[in-house]
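The values are calculated or read from the model by the stated rules, or taken from the named source; none is laboratory data. None of the values given here were measured: they were computed from a predicted structure. Here Cβ is always computed from backbone atoms with ideal geometry, including for glycine, and neighbour counts include all displayed protein chains.
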């Protein structure tokens, strides 16, 4: 497993449907090493801190293996690292094989997986395709967010080592599928809620799904 590229950007204002929106999605690769702190990488920022960033979403990672798929889908010959707004372009960390709660060592830093990525309209803005977030969601090639367990400097070509596998072994792909396509699966939801490393926002969402399950069961009786 490997860190292919480290990508950052400061927020900027861009035109969207006749108005200006602030976004930090235009990530660009960094040369050299970057300090990774509890709230993210030095030199990085978010246009809407109420939705993006924070302890549970300090860093967004996206597998380079998906780049080829999207180049075919979009009819493009190349896509630069950071194209999907990711901070870390990674190799060997696919959603089916990475679990919520897994901890990884990257040079002197340690990070923990917290949730899949939720695409918003700004991803469509970056891709110059307003419908792209829907395609991204349907593909289930979500990537995942990381919280920082131990701060340290990171850089392109760093080895990534998994130092802890969460005991629940709930993959990023499984939880993404439950959230968007099977969120009345009570057994699955209860399994998700047993994962202590899950981000607070996703925990709240799954607690809401569980309430819907209870309501549906009451209606049947």
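Of all positions in the range 33-41, at least one carries a residue that is more than 28 Å from residue 166 (Cβ to Cβ) and in contact with a strand residue (DSSP E or B) (Cβ under 7 Å, 6 or more places away or on another chain). Does residue 119 qualify as being touching a helix residue (DSSP H, G or I) at 6+ places or on another chain (Cβ under 6 Å), more than 24 Å from residue 32 (Cβ to Cβ) and outside any loop (DSSP other than H, G, I, E, B)? Answer is no for this residue. When each of 90, 113 is tested for being crowded, with 20+ Cβ neighbours inside 10 Å, in contact with a helix residue (DSSP H, G or I) (Cβ under 7 Å, 6 or more places away or on another chain) and assigned to a strand (DSSP E or B), the lone residue that passes is 113. With the condition kept exactly as written, say whether any residue in the range 100-119 is modelled with pLDDT under 95 and within 14 Å of the chain's Cα centre (by Cα). Yes.
Of the residues 206, 132, the single one that is under 30 Å from residue 19 (Cα atoms) and surrounded by 12 or more Cβ atoms within 10 Å (Cβ to Cβ) is 132. Taken over the range 44-66, the criterion of being buried (at least 20 other Cβ atoms within 10 Å of the Cβ) and either without any contact (Cβ under 8 Å) to a residue 60 or more places away in the chain or part of a loop (DSSP other than H, G, I, E, B) (or both) is satisfied by 44, 46, 47, 52, 53, 58.
Annotation note: of 175, 189, the sole residue that is surrounded by 15 or more Cβ atoms within 10 Å (Cβ to Cβ), part of a helix (DSSP H, G or I) and in contact with a strand residue (DSSP E or B) (Cβ under 7 Å, 6 or more places away or on another chain) is 175. Condition first: within 17 Å of the chain's Cα centre (by Cα) and surrounded by fewer than 20 Cβ atoms within 10 Å (Cβ to Cβ). Now tell me which residues in the range 135-157 satisfy that. Correct list: 135, 137, 138, 139, 140, 148, 149. Looking only at the range 132-142, decide whether some residue is outside any loop (DSSP other than H, G, I, E, B), modelled with pLDDT of 95 or more and within 13 Å of residue 61 (Cβ to Cβ). No. Taking residue 162 as the residue in question, decide whether it is surrounded by 14 or more Cβ atoms within 10 Å (Cβ to Cβ), free of Cβ contacts under 8 Å to residues at least 24 places away in the same chain and closer than 22 Å to residue 61 by Cβ. When the stated conditions are applied, residue 162 does not pass them. Residues in the range 117-159 that are free of Cβ contacts under 8 Å to residues at least 60 places away in the same chain and touching a strand residue (DSSP E or B) at 6+ places or on another chain (Cβ under 8 Å): 117, 142, 149, 150. When the range 1-43 is filtered for residues that are assigned to a strand (DSSP E or B), over 24 Å from residue 93 (Cα atoms) and over 18 Å from the mean Cα position of the chain (by Cα), the ones remaining, listed by number, are 12, 13, 14, 15, 16, 19, 20, 21, 22.
Can you confirm whether the range 68-85 contains a residue that is in a loop (DSSP other than H, G, I, E, B), surrounded by fewer than 17 Cβ atoms within 10 Å (Cβ to Cβ), touching a strand residue (DSSP E or B) at 6+ places or on another chain (Cβ under 8 Å) and touching a residue at least 40 places away in the same chain (Cβ under 8 Å)? Within the range 68-85, one or more residues are in a loop (DSSP other than H, G, I, E, B), surrounded by fewer than 17 Cβ atoms within 10 Å (Cβ to Cβ), touching a strand residue (DSSP E or B) at 6+ places or on another chain (Cβ under 8 Å) and touching a residue at least 40 places away in the same chain (Cβ under 8 Å).
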